[in-house]
Structures are given as structure tokens and as C-alpha cells.
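A.B. asks: My structure is below; once you've seen it, I'll send some questions.
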Amino acid sequence: MEYVRKLMDRVSVEGVKIELLNTAYGNGNTFLARLDPRTLFLWYLYFGIAPWFIHNEVLLLGMFLLLAVTTMISRVSPLIIVILCLGLLSQAGYLFIVSWLFGGGGETILPLLKLTMKLSVISMASITVFCSMDPEKLSDGLLRIGVPKQVSFGIAYGYRTLPSLVEEYHHIFLSFRLRGVAPRRHGLLYWRSIVYFLKIAVLSFYPLILSIAKRTRTTVEALEAKGFSYAYHSPEAKRIKLSYMKFTARDAVFLLGSGLYVVLLPVLAAQISI
């Protein structure tokens, strides 16, 4: 019961908000968080794309083990790990049921496992990279590789305000519950209550959208008052803003270690057959 109580505390709205804040700002002391954002982008460029073109099980398993280690090093929130596992399991189960309905049998299990492993590698690479950068670092990194400033700032702004939006959505949802009338009878398998809560969940998005629009306008006006447009067109302002970014020996060691591991994997795969 104690474990269930702790789990329920984590899945509450306040718990989700804390986990999001920890994900955005709580991993600044890890090894990966000290790397240059361009190093993480370059590393992600390989591990986010290469698995789609690799069909050897040993290679995929080797990449999976490496990404599992980097995920642990980056101190990813347990809530995100649980969501990742649920998503992968539900997708694999859904595809297996569909294949079984259309005449598939046990021979579909191995391809599904291979697809699930590919998705796991790509998902863990994404989690490792984006959990190792706070919103400001992510925005500066995107700006440094040539992404337009409006796009990089928009991503960082959305990343930063996500916990507040979750809390505001929860308040709107509760206000709908206070003003509405819940079904007196749950119905078979609680279908009346499920429909009632799904309806409230959808309706709660409309006030949230209006609130986001108002908040965005206020933010834009505040940024313009501080000279956002001038800084956007000024190369000197951009140079000063990104002057702290530089490659270090830590970045070289990380890239060389990852590259050496990737090069040795085919050699190992040639010795092992599944």
C-alpha cells in the first residue's frame, strides 16, 4: 500500500508538474548536461536516424544497451520512463493484435520485437538529449546551428511554460467539475462516467487556448519592450549571447567513445548470430 500511495503521489497533477520542472532544470550537474549542445545534436543525429536502417538484432541490442546507460546517466525522471514503457508496450501489443486479426501468427513476434527495439533506441536517444538541456541551453544550441530565432525561442518558451499549462488545465478541469452535474449512475463498465470526464477533458482545452493566446501576447509585448527584434537582427548581440558555447575535451571524449563503440559493434555482431 505504501508503494501504491507513493505512485499515486507521483501521478497527481502536482507530481507531474514537479517531474516536468525536474526534467527541465534538475539535470544540470550530469556529465551529459555539461556537454556543448552541438555535441548532443551531432550524437542524436546518428542514434535518432541510424536505427531505422539497421536490421541486425545484435547491433540493435548493442545500441539499446548504450542508450540505456546514457539514459541512466542523464537522470531521467521515472515518470517519463514509465510513460515510455507504457507507450512501447501498448504499441507492440496493438500491432500484434492487428496482425493476429489479419492472419498473422507467432512469426510476427520477432519483427515486432525488432521494431520495438528500434523505437526504444530512438526514444531513449531523444530523452537523453533533451533531458540534458534546459530550455535556455536548448534554445541557444538551436540558434547556434542556424535555426531561426523565432523557432528556437518558441521551442524554449513552450518547454518552459509546460508545467504552468498543466496546472492551469487542471484548474479549468476542476472548475468544469464544480459547475457540472456528474452522472448519478455509472452505467455498465462506468461508461457514463467515462463519457462525462472525456467531455470535460475536451471542453477544458478551449479556455486554455484563449489563456495561452493572452499570455503569448503579453510575453511578446514584454520582449519587444526589451529589444527582442533589435537583438534578432544584430549579429553582435547574437555573438555575445552564444559566446559561452565552445567544444571542450569532454565533448571530444564523448564523441570518440560513442564512435568507437559504434565501430566495434559490427565486429561483435559478426561473431554472434541470433
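A.B. asks: Could you please give the count of residues in the range 48-71 that are open to solvent by less than 50 Å² (accessible area, probe 1.4 Å) and part of a loop (DSSP other than H, G, I, E, B)?
C.D. replies: So the answer is 2.
A.B. asks: Quick one: ALA231 ticks every box in (1) of a type in the set (A, V, I, L, M); (2) open to solvent by less than 60 Å² (accessible area, probe 1.4 Å); (3) within 27 Å of THR23 (Cβ to Cβ) except a single one, so which number is it?
C.D. replies: So the condition that ALA231 fails would be (3).
A.B. asks: Give the residues of the range 241-274 that are outside any helix (DSSP H, G or I), closer than 30 Å to LYS137 by Cβ and open to solvent by 100 Å² or more (accessible area, probe 1.4 Å), sorted by residue number.
C.D. replies: Selection gives TYR244, LYS246, PHE247.
A.B. asks: Out of everything in the range 92-149 that is more than 30 Å from TYR230 (Cα to Cα) and in contact with a Pro (Cβ under 7 Å, 6 or more places away or on another chain), what residue ends up being surrounded by the most Cβ atoms within 10 Å (Cβ to Cβ)?
C.D. replies: Checked the range 92-149; the qualifying residue surrounded by the most Cβ atoms within 10 Å (Cβ to Cβ) is VAL121.
A.B. asks: Any idea which of LEU20, LEU45, LEU40 is crowded, with 19+ Cβ neighbours inside 10 Å and modelled with pLDDT of 85 or more?
C.D. replies: Just one listed residue meets the conditions, LEU40.
A.B. asks: A further question on this structure: Give the number of residues within the range 150-163 that are of a type in the set (Val, Ile, Thr) and either open to solvent by less than 50 Å² (accessible area, probe 1.4 Å) or assigned to a loop (DSSP other than H, G, I, E, B) (or both).
C.D. replies: Total satisfying the criteria: 1.
A.B. asks: Mind listing whichever residues of the range 195-211 are open to solvent by less than 60 Å² (accessible area, probe 1.4 Å) and in a helix (DSSP H, G or I)?
C.D. replies: Residues satisfying the conditions are TYR196, ILE200, ALA201, PRO207, LEU208, SER211.
A.B. asks: How about the range 105-142: which of its residues are in a helix (DSSP H, G or I), among the charged types (D, E, K, R) and touching a residue at least 12 places away in the same chain (Cβ under 8 Å)?
C.D. replies: The answer is LYS114, LYS118, GLU136, LYS137, ASP140.
A.B. asks: Let me ask another. For the range 72-91, which residues satisfy the criterion of being outside any helix (DSSP H, G or I) and either open to solvent by 80 Å² or more (accessible area, probe 1.4 Å) or modelled with pLDDT under 80 (or both)?
C.D. replies: ARG75, SER77
The values are calculated or read from the model by the stated rules, or taken from the named source; none is laboratory data. Just so it is clear, the structure is predicted and the values come from calculations on it, not from any experiment. Using ideal geometry, Cβ is built from the backbone for each residue, glycine included, and neighbour counts are taken over all protein chains shown. Each accessible area value is taken on the protein alone, full model and side chains, heavy atoms only, with ligands, DNA and RNA left out. Shrake-Rupley method; radii C 1.70, N 1.55, O 1.52, S 1.80 Å.
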